[in-house]
Amino acid sequence: MKRSTPYLAGAGLLTGVAGVITAQSTVWVLQAKNGPVDAVAALVRDYTPGTVAHWLISRVGDLDKPLLRAGTLIILVLLCTWIGIQARKRPLLPDICYFLLALIGLWAVLRLPDSTVESAMGIVVGLITWIVVGRMLTAPLPGPGDDAGSVEQPARRAFLTRAGAVAVVTAGIGILGSLQGRKRGKVERERRLARLPLEKGTGSVPPGSSLGVAGIASWRTRADDFYLIDTALTPPVIPYQEWNLRVHGMVERELNLTYTDLLSRTLTEDWVTLACVSNEVGGDLIGNAFWSGVLVREVLAQAGVKSGADAVMQTSADGWNCATPLSALTDDRNAMLAVAMNGKPLPVEHGYPVRMVVPGLYGYVSATKWLVDLEVTRFDQVEAYWTERGWSEEGPVLTQSRIDVPRGGEEVEVGRFQVGGVAWAQHTGIMKVEYQLDGGSWRVARLGAAGPDDDTWVQWAGSVELSAGDHTLVVRATDKSGYTQTSVRTDVLPSGATGWHQVDFSAT
Ligand SMILES: Nc1nc2c(c(=O)[nH]1)N[C@H]1C(S)=C(S)[C@@H](COP(=O)(O)O)O[C@H]1N2
Ligand SMILES: [Mo]
């Protein structure tokens, strides 16, 4: 045995462990099902011949699961140790082996029915860790051509420094990952068990809001399907007991509200369509949900807004902020501190425990998730996250319409064909939607019902007669202020995209 062998073995072992820890931490933090360790253990369980498995279980009783996990880990770590020993002799071997092991891991995860993309993310992170850490640790060690493979200073020092750093960093990641995972688990339990004092619960969908055309976005967006936009790498996880909202700035009385304070007030419940300013024409960064929460204007009235104020700076637990026109929070549009989405406590990703929902404004100036601070102020005294980055100060939602059927590039049958989609002008309301086939005359679409106060999108539908060949469908909406969407296409920056949505498709 060459004297470098123990070092290489150590490098392999440490690499193996580091990858398992980063992979598992990723899954903890993302709160995904089926971490890599358990998934591979399940794979081993399922492919162990029944008689052997039965015999083993009868021997070890209740310990079968911990032993299965430990056994899987020991085999993996032994393999990784061997990979380390081979690393300098066969330079390609480590990467190939890590790749194959990751493939097995991926298979183990994806074969389980309740796995998600997040479950697989752990494997990807683990593989990257293996490849990077494996190189880092073996690089300082002598290769086969070097002086009989003995490890002299400074190679030894370099190796030990790197190994120490890897050990400390991975231990840190593991501890943080498991803490974050545990906190998230606790919050998910608390969300599941919460009984909010909601009168209308999940809210009933207004009659006639759905036109029954297959392919149009469902009028109510399920929380799972609702678009997600934020700057948080991992969402803040805030148990409701720890949540607190400070209301301060240009007010007569500073307020500090707890979650229980909020729930003891009368809750407003309302359908509101939320949209992102970065939504391209035809894009899907928009969703409609039934929200429940406390009216912001009641909270502001209690605090007593001083004259001269025209803005409210909202800050999230993760430091993100936005400035909202005071008038939009105090007028009749029922801006709310929302605690529920579609009748359930807000999902963590959508701002649990409390977020702001303001009908008619884009999310980046209004819809703060994980909201913890409201400062009544003046626009000329503040700059917020997105306005600092070139987006406009005020963010009213622009009147827009989208074609959902047909999809771009779709091939449909010749003859009569139902087209449709959605249109929105939150808090103004959609008056009319028109569609145009192949540059012909504009035809008026059928409209579905909107939610109360016109704070929601509407579905639209129409029918066209299709000949064989390529076709183009265009849509435009007119809102209740009488404004018809301009055909001029503008970029989403700085205040939202304008222009008509157009879809090219063909009929055969
Ligand atoms: N804390 C926080 N809140 C935020 C954001 C953010 O980055 N951080 N993004 C905003 C933007 S740009 C939009 S469009 C909406 C999106 O809300 P959703 O992810 O629940 O759909 O949240 C808003 N609230
Ligand atoms: Mo957004």
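List of remarks:
- For the chain, calculated [θ]222 nm from helices alone, where every DSSP H run of n ≥ 4 adds -39500 (n - 2.57): -11000 deg cm²/dmol
- Additional length obtainable on full extension of the chain from HIS54 to ARG246, 0.36 nm per residue less Cα span: 63.2 nm
- Take every pair of alpha-carbon atoms less than 8 Å apart whose residues are at least six positions apart; their mean separation over the length of the stretch 299-399 yields a relative contact order of 34 percent.
- Each DSSP beta bridge with both residues in the chain is either parallel or antiparallel, and the antiparallel ones are about 90%.
- Span-like helix ranges in the chain, DSSP H, alpha carbon extent 18 angstrom or more, Kyte mean at least 1.0: 5-29, 64-86, 93-110, 117-138
- Residue pairs, from the table LYS186/LYS369; LYS369/LYS480; LYS65/LYS186; LYS200/LYS344; LYS33/LYS65, whose Cα atoms sit over 21 Å apart: LYS369/LYS480; LYS65/LYS186
- Debye, to nearest 20: dipole size of the stretch 381-508, +1 on Lys, Arg Cβ, -1 on Asp, Glu Cβ: 360 debye
- Listed by chain and number, the lysines whose C-alpha is less than 21 Å from the C-alpha of LYS89, apart from same-chain residues fewer than 8 away, are LYS2.
- Overall, the chain carries a charge dipole of about 2200 debye about its Cα centre when +1 sits on the Cβ of Lys and Arg and -1 on the Cβ of Asp and Glu, all other atoms neutral.
- Projected onto their three principal axes, the Cα atoms of the stretch 1-134 cover extents of 44, 35, 20 Å, largest first.
No value in this document is a laboratory result; all are computed from the given coordinates. Note that the coordinates shown come from a computational prediction; the quantities given were computed from them, not determined experimentally. Reconstructed Cβ throughout: ideal geometry from the backbone, glycine too, with neighbour counts over all protein chains shown.
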